[in-house]
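Notes for the one structure printed next.
The values are calculated or read from the model by the stated rules, or taken from the named source; none is laboratory data. All figures in this text were calculated on a predicted structure; none of them were measured in a lab. Note that each Cβ is placed from the backbone with ideal geometry, even for glycine, and that neighbours are counted across all protein chains shown. Areas reflect the complete protein model, heavy atoms only, side chains present, ligands, DNA and RNA absent. Shrake-Rupley method; radii C 1.70, N 1.55, O 1.52, S 1.80 Å.
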Amino acid sequence: MAKDKSKATGVQKAALLFITLGPEISSGILKRLPESDIQKITYEIANITSVNSDDRQEILNEFLQINKAREYILEGGMEYAKQLLSKALGSQRAMEILEKVSEATAQYRPFSIARKADAHQLLNVITSEHPQTIALILCYLQADKAAQVLSELPEDVQSDVAYRIATMNNTSPMVIQEIEKVLENKLSSVVKTEMTALGGVDTLVDILNQVDRTTEKNITEGLEGEDPELADRVKSSMFVFEDIITLDDVCIQKVLRQVESKELALALKGCSEEVAQAIYRNQSKRAAAALKEDMEFLGPVRLMDVEKVQQKIVGIIRRLEDSGEIIVSRGGEDAIII
């Protein structure tokens, strides 16, 4: 947690809140968040070493106050919320809480799941809805997607929906929430792929590539206990074949001793010239010449075969790193004991 809590980010405050709530409650909340948010929050949790009781109480109070403010706004609007909060917290604190709610609301846009869905998937789900409901949903879509959906609606519905869009004024937040909830339930299965693609292994790898080796090992070992297959996917993605150029020559030579020449020739097919040169310079002239001949002899090859052998070499690099025989550079500083 930042020393000055007023400068702490929303993610840092969320991390402290989850620590305060405890693992059982926090895990139930975390699994409902977007994958990208989970990664950010868990990263902050991993980096908080201690939390005093005053900080915990302050964050918990703020969380409760913000949620109460949201309830009041939904019930009677901003002015109504201001009146009730001012009686309970005083006018200054009430305004601080309402400002935070306004910031959060500005970042939140309803029907996010509809914007992620394919236009045809969305059309299949909403065609049977009331024209007013369709109009409301289209108002929150990207213009090109809304146009595609509108153009594919039945002709007798198109003009009705268009009229309702043009004449729509204010809509109750509670009505929007109810429609969004129903739509989310209907779309959750058909857009599962699109939803998971927003986070997942690639997002986690981007984060782990920036941490030190100790933190990375703690996280990957934890994943191994939860999901060994997922842990393997993460670890294999942590270092791609093209990243071999980041190794020093001594490390590359140790890797090459573990790779058969025919596999190395296949792995180099289609790779960058920079990668090829890194390999050649760490071989004898005779071995490099033989490798080039092997590559020419192979002729056209399937991409999946190239990627398979490249991944095998990545596995060798990971094993050598785990055994301490080579060092792979990362975003965080590698601790070297002399």
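Observations on the structure shown:
- Here segment 53-78 is the region considered, the condition is being modelled with pLDDT under 75 and among the aliphatic types (A, V, I, L, M), and the residue that is surrounded by the most Cβ atoms within 10 Å (Cβ to Cβ) is Ile73.
Residues are listed down the side, and each one gets a yes or a no for (1) in a helix (DSSP H, G or I); (2) within 28 Å of Thr42 (Cβ to Cβ); (3) open to solvent by 40 Å² or more (accessible area, probe 1.4 Å); (4) in the same structural domain as Tyr43 (by the TED database):
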site: Leu264; (1), (2), (3), (4): yes, no, no, no
site: Ala267; (1), (2), (3), (4): yes, no, no, no
site: Val275; (1), (2), (3), (4): yes, no, no, no
site: Arg286; (1), (2), (3), (4): yes, no, yes, no
site: Ala289; (1), (2), (3), (4): yes, no, yes, no
site: Val306; (1), (2), (3), (4): yes, no, no, no
site: Gln311; (1), (2), (3), (4): yes, yes, yes, no
site: Gly315; (1), (2), (3), (4): yes, yes, no, no
site: Arg318; (1), (2), (3), (4): yes, yes, no, no
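- In segment 125-136 there is no residue that is part of a helix (DSSP H, G or I), at pLDDT below 80 and either under 20 Å from Glu184 (Cα atoms) or open to solvent by less than 40 Å² (accessible area, probe 1.4 Å) (or both).
- Tally, over segment 1-52, of residues that are of a type in the set (Ser, Thr, Tyr), modelled with pLDDT of 70 or more and within 16 Å of Leu204 (Cβ to Cβ): 2
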